[in-house]
Number of protein chains: 2
Amino acid sequence: MTRTLLPDLTPDRVAAAARRVMARCDELARVTATPGEIERVYLSTEHARVNRLAAEWMREVGMSTRQDAAGNQIGRLDAIHRGASDRDAPALMIGSHLDTVPDAGRFDGIVGVLMALEVVRLLRVPGPDGESSLSPLPFAIEVVAFSDEEGTRFGKALLGSSAVAGTWNDDWWQLTDADGTTLRQAALEFGLDPGRIGEAARRPDELVGYLEAHIEQGPELDRRGQSLAVVSSIASARRFQLVVEGEARHAGGTPYDMRHDALLGASEAALAVERICRGEHHVIGTVGQLEAFPGAVNIVPGEAHFSLDLRGEFDGERDRVWDALSRDLDVIMGRRGLRWRAREVHNAPAVMCAPLLQDVIRAGIRGALPDAPDDPATLFSPAGHDGMSIGAITDVGMLFLRNPDGISHHPDEAVSAADVALGIRALAESVLHLAAEPR
Amino acid sequence: MTRTLLPDLTPDRVAAAARRVMARCDELARVTATPGEIERVYLSTEHARVNRLAAEWMREVGMSTRQDAAGNQIGRLDAIHRGASDRDAPALMIGSHLDTVPDAGRFDGIVGVLMALEVVRLLRVPGPDGESSLSPLPFAIEVVAFSDEEGTRFGKALLGSSAVAGTWNDDWWQLTDADGTTLRQAALEFGLDPGRIGEAARRPDELVGYLEAHIEQGPELDRRGQSLAVVSSIASARRFQLVVEGEARHAGGTPYDMRHDALLGASEAALAVERICRGEHHVIGTVGQLEAFPGAVNIVPGEAHFSLDLRGEFDGERDRVWDALSRDLDVIMGRRGLRWRAREVHNAPAVMCAPLLQDVIRAGIRGALPDAPDDPATLFSPAGHDGMSIGAITDVGMLFLRNPDGISHHPDEAVSAADVALGIRALAESVLHLAAEPR
């Protein structure tokens, strides 16, 4: 059943909010380390500039603002308690990240932060001082702009949200960027105190949950002709570096039956990844790196290295695919007289979106699209998101926006103003549905 | 019918010659730019040192010596004409090369030069001055140690023999080594005069032919349990650099049916090379280099580059395989929505060994192995040799020596002293058979 909780919200007001989001996406796109492209990495001067912009926009809608010890920019709208603001009320966090991959699009992460600000604009009530705003809900609202989700600069993703989740690892301070600058040096230069990183961590009892709107980074909504989806889970991911060892031999003088060609073994492996994952419902595997050694035109490759990125809706599915692939690799390499080994370099379990938050987002979408004939789509997210960290301390819910042709991490990345308008409305309705839940 | 032309040649004398060849292979292996490995490249100090050693050994068997304008080391045994030496008689050249690949074995090329010196030792007659020697044959004998066959330093093979063949290309002077030194600079530093390179060229009327003994660089003789083979031709070779173009996409969000994964296309291509060439009798193809771009763990490769080395006994066979492979690539890439293109970077037609020289080498092998039950093996050489250049000015004949397990261009490269002894005898007998041919 559809219930619109914002009956007074005029289409014009939502359209204006969406136009502001689109214009601010353009404005943030101009804050880049690389002229002509978009690149904005953790602890850079661009990071500082977009935090200042975000803080300004947060204050514009009456939020109090702070930058935390990990460089996350946070705005807060206190709850009302007995007619006054309640600084201690638990908060619903809504947000995403402002950092980018190299040569990025202008929406990934960014649109979720800016939509959260528009939700605040729609829901807030004036504070007693006339300048600040308050949340009309039984909880505070915080808008969070995470400082590092992509991991572009230090090779380690989700740094900002890990600090908030209290899962920061002090070993990370020694990570270096391409110029050899350590994360510690970069933090100091940015004006942060590494010794205080723990202060960024939030306790579960301070939080009601975390909501994030994000472009889909895939084509499913575009294919279905739908604007919005509920996210069921953020993918379970494993990454491996694989090595195939054979024997480097003279390309002219070595007949096929004496060859142990490591590259042909790796080629069969890459095709096996595709074949096995195609037969699965919700597992996707990618070989993104492959190189043959010694890499001479006239030498049969004695070694090949390749990467495997494996993502699944559930850990079990993903692990079953890895087991099946391992058995296939044994057969392939055995037949060719090759040896293979794999080193696991990343393992992140699936983060299931909280059923309650899935329900309120579903209700929010129905509220934004009362005439839609179909139930809202429910999709899992093969891409990683800040919610993967935040899931450690609070419930996570995500709303996906249609992403034309599924192009992301690319300058052609897109989302329509119409879908952003629907998304803002759906997100605002979701928050109201959550507030209406018995607690 | 077997006819031994060296009835007085005692097994002891041949065995001693073979032992000397083996010891000198060890001695030359110590002349290396890389301690613990063998590496000796064109116009290096190691090149100068082995040329001096070779010249010394040439003079030891009574030859006159010179280093030509391309750094080839040449020894000459004049023919006798009316009891005196005939400096103008055409010469039978016998030899191979002294340069190596990186981390080389100790026999490739080298053993052929040293065996030629032993043939001279067996056949020569004293000259009138008691110091020099003369050829007892109706032609002079020259032993040639080519200066560059492998092309290790400047990426262009057969430089030494190309100068002798008069096919030197002045563009090559601008080739650079890994340190940016041009071939011209290197030649000047070595003490050569680039302006006189043409003086290294020989006229066809100065030559009777060219004979070369070489390890097989393949396992055929080892598999057949035979010591020696006649070479029918030196492989026809083409090399290509191929590019596959697809679309780089987010690895998480792009379902298989929307991917145009260039690496999977290239993987199928590498396997197609193997499948097609396996079905052929005498064509062999190798993909030695392959790389995916952008080469990120979490991005579906938008481009892949790979090399193809294609060798065949005959040009037609080789070209037919390339045509078949091209049709396969059209199908593979078409199915995957990929584009492909190939740039041909090398094309060398097959060099057929002269039938007369094949016959005299066959007779030479029979003379060395009078009790062998089988006819000598006839093999084509998939690997390139100096004869590929020299074929432009004179007849070429080659003798292959058994190469255990076919390992070459590797420290484990081997040949037995017993096979070297048989090879020396066969080569000497071949020269006598050639001398006995009506001219």
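The values are calculated or read from the model by the stated rules, or taken from the named source; none is laboratory data. As the structure is a prediction and not an experimental result, all values here were calculated from the model. Here Cβ is always computed from backbone atoms with ideal geometry, including for glycine, and neighbour counts include all displayed protein chains. The protein model used for the area step is the full one, side chains on, heavy atoms only, and it has no ligands, DNA or RNA in it. Shrake-Rupley method; radii C 1.70, N 1.55, O 1.52, S 1.80 Å.
Data overview
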{"read-out": "Unit charges at the beta carbon, dipole of region B:236-348: most positive-side option, B:Phe314, B:Ala342, B:His250", "value": "B:His250"}
{"read-out": "Label point distance in nm, B:His346-B:Arg278, each placed 7 Å from Cα along Cα→Cβ", "value": "2.5"}
{"read-out": "Phi-based couplings in Hz for region B:406-421 (Karplus 6.51, -1.76, 1.60; Gly and Pro marked x)", "value": "x, 7, 9, 6, 7, x, 7, 3, 9, 8, 8, 4, 5, 5, 5, 4"}
{"read-out": "Those GluC sites (Glu not before Pro) in region A:108-211 that DSSP places in a loop and that have at most 16 other beta carbons within 10 Å", "value": "A:Glu131"}
{"read-out": "Karplus-derived HN-Hα couplings along region B:99-108 (A = 6.51, B = -1.76, C = 1.60, θ = phi - 60°), whole Hz, x at Gly and Pro", "value": "7, 9, 7, x, 6, 7, x, 10, 10, 3"}
{"read-out": "Full-stretch length increase - A:Leu356, A:Ala23 - with 0.36 nm per residue and alpha-carbon distance subtracted", "value": "116.6 nm"}
{"read-out": "Shielding by partners - mean other protein chain Cβ count within 10 Å, residues of B:408-416", "value": "2"}
{"read-out": "Three-way shape call for chain A based on the alpha-carbon gyration tensor, with the a/c threshold at 1.5", "value": "prolate"}
{"read-out": "Global form of region B:78-205, assessed from the alpha-carbon gyration tensor, a/c cut-off 1.5", "value": "prolate"}
{"read-out": "Sequence ranges A:347-358, A:386-397, ranked by mean other-Cβ count within 10 angstrom, highest first", "value": "A:386-397, A:347-358"}
{"read-out": "Carbon + sulfur, % of accessible area of region A:211-294 - ligands and nucleic acids excluded, 1.4 Å", "value": "44"}
{"read-out": "Delta accessible area of at least 20 Å² on complex formation, residues of region B:234-255, 1.4 Å probe, chain isolated as reference", "value": "B:Arg239, B:Arg249, B:His250, B:Ala251, B:Gly252, B:Gly253, B:Pro255"}
{"read-out": "Antiparallel bridge percentage (DSSP; both residues within chain A; nearest 5)", "value": "70"}
{"read-out": "For A:Ile215, residues with placed amide H under 5 Å, excluding near neighbours", "value": "A:Gly109, A:Leu401"}
{"read-out": "Euclidean distance of C-alpha centroids, region A:136-150 and region A:210-281, integer Å", "value": "35"}
{"read-out": "Compactness of region B:236-348, expressed as Rg and Dmax over alpha-carbon positions, Å", "value": "14.7, 49"}
{"read-out": "For region B:116-126, Karplus couplings with θ = phi - 60° (6.51, -1.76, 1.60), whole Hz, Gly/Pro x", "value": "4, 5, 5, 5, 4, 4, 6, 9, 4, 10, x"}
{"read-out": "Rg(Cα) / (2.2 N^0.38 Å) computed for region B:30-145, rounded to two decimals", "value": "1.13"}
{"read-out": "Neighbouring partner chain Cβ atoms per residue of A:214-225, average, 10 Å criterion", "value": "2"}
{"read-out": "Environment charge at A:Thr176 (Cβ cut-off 12 Å; Lys +1, Arg +1, Asp -1, Glu -1)", "value": "+1"}
{"read-out": "Within region A:154-173, backbone nitrogen closer than 13 Å to the virtual label 7 Å beyond the Cα of A:Glu189 toward Cβ", "value": "A:154"}
{"read-out": "Contour excess over end-to-end distance, with Cα ends at A:Asp86 and A:Ala178 and 0.36 nm allotted per residue", "value": "28.6 nm"}
{"read-out": "For chain B: relative contact order, % (alpha-carbon pairs under 8 angstrom, 6 or more apart)", "value": "22"}
{"read-out": "Theoretical gain in end-to-end length, B:Glu206 to B:Glu60 [0.36 nm per residue, Cα-Cα removed]", "value": "50.1 nm"}
{"read-out": "Buried solvent-accessible surface, both chains (A, B), 1.4 Å probe, Å² to nearest 100", "value": "4600"}
{"read-out": "Percent RCO, i.e. relative contact order, over region B:236-348, from Cα pairs under 8 Å lying at least 6 residues apart", "value": "44"}
{"read-out": "Local net charge near B:Ala48, Cβ-Cβ under 11 Å (Lys/Arg +1, Asp/Glu -1)", "value": "+1"}
{"read-out": "Carbon and sulfur %, accessible surface of region B:1-85 computed with the full protein complex present, 1.4 Å", "value": "49"}
{"read-out": "For region A:370-439 and region B:360-379, distance of Cα centres in Å", "value": "81"}
{"read-out": "Among A:370-378, A:156-164, B:119-127, the order from most to least packed when residues are scored by Cβ within 10 Å on average", "value": "A:156-164, B:119-127, A:370-378"}
{"read-out": "Other-chain or far-sequence residues with amide H under 5 Å of B:Leu207's (modelled H)", "value": "B:Ala91"}
{"read-out": "Formal net charge of residues neighbouring A:His281 (Cβ-Cβ distance under 10 Å; K, R +1; D, E -1)", "value": "-3"}
{"read-out": "Helix-only [θ]222 nm of the protein assembly as shown, DSSP H runs n ≥ 4, -39500 (n - 2.57) each, per residue, nearest 500", "value": "-10500 deg cm²/dmol"}
{"read-out": "Number of partner chain Cβ atoms within 10 Å, mean per residue of A:267-275", "value": "5"}
{"read-out": "Long-range HN-HN contacts of B:Cys353 with modeled amide H, under 5 Å", "value": "B:Ser233, B:Ile234"}
{"read-out": "Residue-normalised accessible area of chain B, expressed per residue, 1.4 Å probe, Å²", "value": "38"}
{"read-out": "Helix axis angle, A:315-336 relative to chain A longest principal axis, alpha carbon, degrees", "value": "20"}
